[in-house]
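Asker: Have a look at the structure that comes next, please.
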Amino acid sequence: MTIYLHDIPLPQAISRLEEALQATGKAGVLGYEEIPLDEHALGRVLAKPIWAKLSSPHYHASAMDGYAVRSESTILAAPTDPIDLPIGSQAQYVDTGDPMPKWSDSVIPIENIEPVTEGDPSRDMAMRLTAIRIRAAVTPWSHVRTMGEDIVATQLVLSAGHTLRPVDLGAIAASGHASILVARKPRVAIIPTGSELVPVGRPVQSGDIIEFNSIAMAAQVMGWGAEATRYPITMDNFDQICRCVNEAAIEHDLILLNAGSSAGSEDFSANVVEKLGELLVHGVAVRPGHPVILGMIGEKPDQIPIIGVPGYPVSAILTGEIFIEPLLARWLGRSPNVPLAIKAKLTRKVTSTPGDDDYVRLAVGRVGDQVLAAPLSRGAGVITSLVRADGITILPRGTQGLPAGSEVNVNLYRHPVEIESTIFVIGSHDITIDILAQFLAVKNRRLTSANVGSMGGLIALSRGECHLAGSHLLDPESGEYNLEYVRRILPNLPVKIVVLVERTQGLLVAKGNPKGISSLRDLTRNDVTYINRQSGAGTRVLLDYQLRLLQISSEIIKGYPCEEYTHLSVAAAISSGRADCGLGISAAAQALDLDFIPMYQERYDLVIPVRYFEDPLLEPLFEIIADPEFKKTVANLPGYNVEMMGQEIL
């Protein structure tokens, strides 16, 4: 029985896999194939260097339309003392790319000559041309592409291990090659397992999970230069999985066994690997991605590697980046991918388990003179956190976290130019912000938002951590929105307050309102469970204000301590049955097919520091707010009024 190695450090896990690959002769390029030089060679990796068979150009070629001449015959030409060169003996017409006459060494562009003609003027000039007149001397080899100007026969054009780009294909062809030797593409089998999984496109029931990991992993594998085979879902049957793995091993170089999220799936996959071969690693100390399994299956020395990929999507994708891409790179004979990296400051503290290498997803943008990184959701099942992520920072083992303001290295998923064109929004959530992001995308701007509540947004502005904040904080004394809070939290920061929308807040309840909820007083009932917004959210402030007016203690409201960070999350909690009601906006109720009980009108503003209000980065944002099409889109949402959109309150 193999000893299970639980959660070993990443370097040790990689070392054990390396030893196994060396022992089976699979630590390098798997094989070679000769392919035609055409567009299908794009992205392939050269298996041997390209040495030029021909020079390019392989003759002296004219670089201009004009007349080939001997440079020495032009020495006496001057603006006030031109010379004539007879056609044929001292000048010959050439088009761009034509071979140069053997006696010539320069070309005079056609616009720099004067024709010398004789005979009947009614005849074609080409028939009457006898010489060209020039008024300036030319130097040897001017306007000539000499033989070998680009490539000289026998020179190295491209090295082995190079991934071919479009320009490379042209250079190889120019150097005289019609075919190339490339590394054989590794063949990767992806086997999703789990009785709870259903294929994409099939209706889902409670407890069903759409199987999309294999799609994402296959795309990763193909993007890294390998071939991917996606197998149908295999149910949680030990013998059936073993048969599928054995079948896949016949035609593939690597097997990715993607376990479902059901209880015990980690050990289940390990048992499969152990029965069919050798279990090398059972758990790696990386987060997310703990339950990674590394092994070799088959009979020595013909074993092939198998990787047990965690079922949670973020863990699955990061397993690809950490283990699969470097393995495919060595099999293709190229260097592993090295991401672009920049330094950025964390906008809030992050915690980390000391024993793990922690891969933290980040939204990144430049605000003023500093690059900021906002940590995103840490959940291993939140694939949208990778969709939204601009990069990742790795907190090494032994790190228990970092405070806000810490400088971290960020491995970028996006080009730095995209980072520079990002508008950072922190504050209250509103669906209008998502629509704004959609409109901004066509104006070469990215909008990244972090939903931390209205109060959190103003605090972020005070720290210089965003370009603007969304806020709808009601002042109980004046009945005004945002002004008093801005004066209190941002006393020394000049800002503009711009109205985005007026909207209706109310209670979101299940379809048909089965519990007959009609007002906040119903929140005191024992059979009603409430779902709240986080402390500092404008909706939370509104709720607490209204509860005080009704003299209702929050302590008697069942569910009051349970918090969500967006209106849509509140709606999801009610739709799933976790709660019976919550305060939110009508659009969130409509999105999840809930009923809505309208109660309060409020104003949702954008709070923008003056320095960014006048910055070109935000110009497209103001253009969109004034755009009738944008206003129409927002006005069509239930519970929204756009009459004040764009007005400056401060």
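Asker: What list of ³J(HN,Hα) couplings, whole Hz, do you get for the range 69-78 from phi and the Karplus terms 6.51, -1.76, 1.60, once you set θ to phi - 60° and write x for glycine and proline?
Answerer: Coupling constants for the range 69-78: 9, 8, 4, 5, 7, 9, 4, 7, 5, 8 Hz.
Asker: Then there's this: Ranked highest first by average number of other Cβ atoms within 10 Å, how do 632-638, 316-322, 563-569 line up?
Answerer: On the way: 632-638: 15.1, 316-322: 22.3, 563-569: 20.4.
Per-residue Cβ counts within 10 Å, averaged per peptide and sorted highest first, yield 316-322, 563-569, 632-638.
Asker: Continuing with the same structure: Provide the per-residue ³J(HN,Hα) series for the range 33-43, in order, calculated from phi with Karplus coefficients 6.51, -1.76, 1.60 and θ = phi - 60°, each as a whole number of Hz, with x at glycine and proline positions.
Answerer: For the range 33-43, the Karplus-derived couplings read 8, 9, 10, x, 7, 8, 5, 6, 7, 4, x Hz, x marking Gly and Pro.
Asker: If amide hydrogens are placed 1.01 Å from N in the peptide plane, which non-local residues have theirs closer than 5 Å to the one on G559?
Answerer: Y530
Asker: The range 1-95: which trypsin sites (Lys or Arg not before Pro) are DSSP loop and have at most 16 other beta-carbon atoms within 10 angstrom? Spell out each step's value before the answer.
Answerer: On the way: sites: R16, K26, R44, K53, R70; in loops: K26, R44, K53, R70.
For trypsin sites (Lys or Arg not before Pro) across the range 1-95 that sit outside H, G, I, E and B with at most 16 neighbouring Cβ atoms in 10 Å, the list reads K53.
Asker: While we're looking at this one, here's another question. Which residues' amide hydrogens lie under 5 Å from the amide hydrogen of N258, considering only partners 5 or more residues apart or on another chain, with H built in the peptide plane?
Answerer: Residues meeting the amide H criterion: I191, T193, V309.
Asker: While we're looking at this one, here's another question. Restricting to DSSP H runs of at least four residues, report the calculated mean residue ellipticity at 222 nm for the chain, -39500 (n - 2.57) per run over all residues, nearest 500 deg cm²/dmol.
Answerer: -7000 deg cm²/dmol
Asker: Right, something else. Decide, for the range 127-278, between rounded, prolate and oblate: order the square roots of the alpha carbon gyration tensor eigenvalues as a ≥ b ≥ c, take rounded if a/c falls under 1.5, and otherwise choose prolate if a/b is larger than b/c, else oblate.
Answerer: prolate
Asker: Moving on. Can you return the lysines within cross-link range of K300? Criterion is Cα-Cα under 27 Å, with same-chain partners fewer than 8 residues away left out.
Answerer: Counting by Cα, and skipping residues close in sequence, K300 has these lysines nearby: K26, K185, K275.
Asker: What list of ³J(HN,Hα) couplings, whole Hz, do you get for the range 643-649 from phi and the Karplus terms 6.51, -1.76, 1.60, once you set θ to phi - 60° and write x for glycine and proline?
Answerer: In residue order, the calculated couplings are 4, 9, 3, x, 6, 8, 8 Hz.
Asker: To continue, here is another question. Can you tell me which lysines have their Cα less than 21 Å from the Cα of K443? Leave out same-chain residues fewer than eight positions away.
Answerer: Partners within reach: K631, K632.
Asker: Mind listing which GluC sites (Glu not before Pro) in the range 446-545 are in a DSSP loop and have 16 or fewer other Cβ atoms within 10 Å?
Answerer: Those satisfying the criteria are E477, E480.
Bear in mind that the values in this text are calculations on the coordinates, not laboratory data. Just so we're clear, the structure is a prediction, and the values are computed from it rather than from any experiment. All Cβ positions, even for glycine, are placed from backbone atoms using ideal geometry, and neighbour counts span all protein chains on display.
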